[in-house]
Amino acid sequence: MKEQLGNPEKDNGLKDSLPFIIIRPGGNDTCLFIGKTPVPTERKRWNEIMLRLYPNVEQVGFIDSNFNRPKFTMAGGEFCGNGTRSAAFLLLGGQPGELLIETSGVKERLRTGIKENGESFAQMPVYSEIEKITREDNAYVVEMEGITHIVTFDTEKIAGLNPEAIKVQAMEVLQAKGFDQKYPAAGVIYVQRNGEGLKIHPVVYVRDVNTVYYETACGSRTAALGLVLALENSRSIRQVPIEQPSGINIKISVEYDTTKKKFTYAEIQGPINVLANGVLETVKEESYVLDQIVSSDQLEQAFGLGLIESYKQAFGGPPYYENFDGKEENIKEDFRYYFGKGIVCTAKTGNGVAGFAAAIPLTEERKIVDLLSKTSIDADNYWYIAELGIRNDLQRKGLGRRLMDELLLYLPIGKNYVLRTSVDNYKAISLYQSLGFTQLEEVLQDVEQLRTDGTTQKDTRLFLVKK
């Protein structure tokens, strides 16, 4: 194992700590914090941090997980259908069932849950009166609780435009009608007909956090289109698939009473995927996230966010001075191996990946197993902590300790741990001892490496265990 940690003091200046899960409800990547819901100013701050640290995240919400009366709140206080059914998915642990959720932007609790096929659903807060839908030229204005939409089938104005240009076009429409100031959330839905199917290009503006997104998927916009379809055809619709910009369908169902000419119920339904989980913390005024890599795509994203450069920084300096010229692909393959066989965690700041940690079952490291065969260690009961490193500019802030704590949280309960470090890495040894590791006195290992000065030298590693 190699590590480069900085100051191992316990007092790391921790101010805030919030666990989160990043989830994909058919697209529309959403960060959900779990725990006590903060006040609006704090929600806005966490929203800004997560959107900066995770470029794929489009929105942020907060789950108060009191199961008797769960509550879901979006960062801007608006209603979000995809966020609501994502919250239900997490509250139910991914298992079929139903519950009622109190959600921001809506007065009454909504029926949510998971179908037997694993798709999550959420009741949409629609008004019963068809008068809440008005037609203006080639567009419909659809009022819903917490959000108002403009639905247009005229897609000529966005033909050939990229998402950024579509956002500009949509904001001009909202501003012309004053919707950007009148409503807490407002959107434009461009509806494209693909043969017998429909695809939407949704843009939403949230006034209180001042964000505008071309969304990769949207439940509210899907529901607004469903209301228009039911009204146009004067009948209920059941699980009509609406293609999202992500290419994934979200199904919309609307119950329409043809006698009373009223909407009685609406519901969206679709798949859910968990992308990442971790914790957002602030240490000495530096905000960062600690997360576990849970997919190959997430690992490749981490490479793009500077994981390799952080690795080279961490071990290119003292006490290792390792030369990594031409070894970038080797480092990537190592992390892919760790991910495939074990667990990888990262720490991110606004500047990208700041730190990393990796562990695998000890049985996967045959050379280490052979080396430890002279001891009483039973390899089947141990995990090997293979990597731990912190980027140079964030050393001495306690981040190494927190990253190590986070890694240990994900390792199997009931297992023991073993790691190695340079005999000259006194700060790291002190940290591990403070975490309950003890040295294996009878085992040392000489490791030969190409150094940054061009020479090949050996350094001695010692082993520590935690039972």
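What are the residue pairs meeting all of these: first residue in the stretch 127-146, first residue among the polar types (S, T, N, Q), second residue at pLDDT below 95, Cβ atoms under 6 Å, and 6 or more apart or on different chains?
138/154
Using beta carbons and a limit of 6 Å, which pairs, at least six apart or on different chains, have the first residue in the stretch 193-214 and assigned by TED's automatic domain parsing to the domain that holds residue 56 and the second one in a strand (DSSP E or B) and surrounded by 22 or more Cβ atoms within 10 Å (Cβ to Cβ)?
Listed pairs, sorted by first residue: none to list.
Out of all the residues in the stretch 244-258, which are surrounded by fewer than 18 Cβ atoms within 10 Å (Cβ to Cβ) and modelled with pLDDT under 95?
246, 247, 258
Name the single residue that is surrounded by the most Cβ atoms within 10 Å (Cβ to Cβ) among those in the stretch 358-371 being under 26 Å from residue 401 (Cα atoms) and touching a residue at least 24 places away in the same chain (Cβ under 8 Å).
Looking at the filtered set, the residue picked out is 359.
Which one is nearest to the chain's Cα centre (by Cα), of the residues in the stretch 138-159 that are surrounded by 15 or more Cβ atoms within 10 Å (Cβ to Cβ) and among the polar types (S, T, N, Q)?
Result: 148.
Taking residue 209 as meeting all but one of (1) of a type outside the set (S, T, N, Q); (2) at pLDDT 90 or above; (3) closer than 24 Å to residue 53 by Cβ, write down the number of the exception.
(2)
Which residue out of 388, 403 is within 23 Å of residue 19 (Cβ to Cβ), assigned by TED's automatic domain parsing to the domain that holds residue 343 and in contact with an Asp or Glu (Cβ under 6 Å, 6 or more places away or on another chain)? Give the derivation first.
Details: 403 fails: in contact with an Asp or Glu (Cβ under 6 Å, 6 or more places away or on another chain).
Just a single option satisfies the conditions, and that option is 388.
Being surrounded by fewer than 19 Cβ atoms within 10 Å (Cβ to Cβ) and outside any helix (DSSP H, G or I) is the filter here; which residues of the stretch 307-321 pass it?
Of everything in the stretch 307-321, those that are surrounded by fewer than 19 Cβ atoms within 10 Å (Cβ to Cβ) and outside any helix (DSSP H, G or I) turn out to be 317, 318, 319, 321.
Within the stretch 160-231, which strands (runs of 3 or more DSSP E) (wholly inside it) include 2 or more residues that are more than 29 Å from the chain's Cα centre (by Cα)?
185-194
The values are calculated or read from the model by the stated rules, or taken from the named source; none is laboratory data. Keep in mind that this is a model prediction, so the values were computed, not measured. Note: ideal-geometry Cβ built from the backbone for every residue, glycine included; neighbour counts use all protein chains shown.
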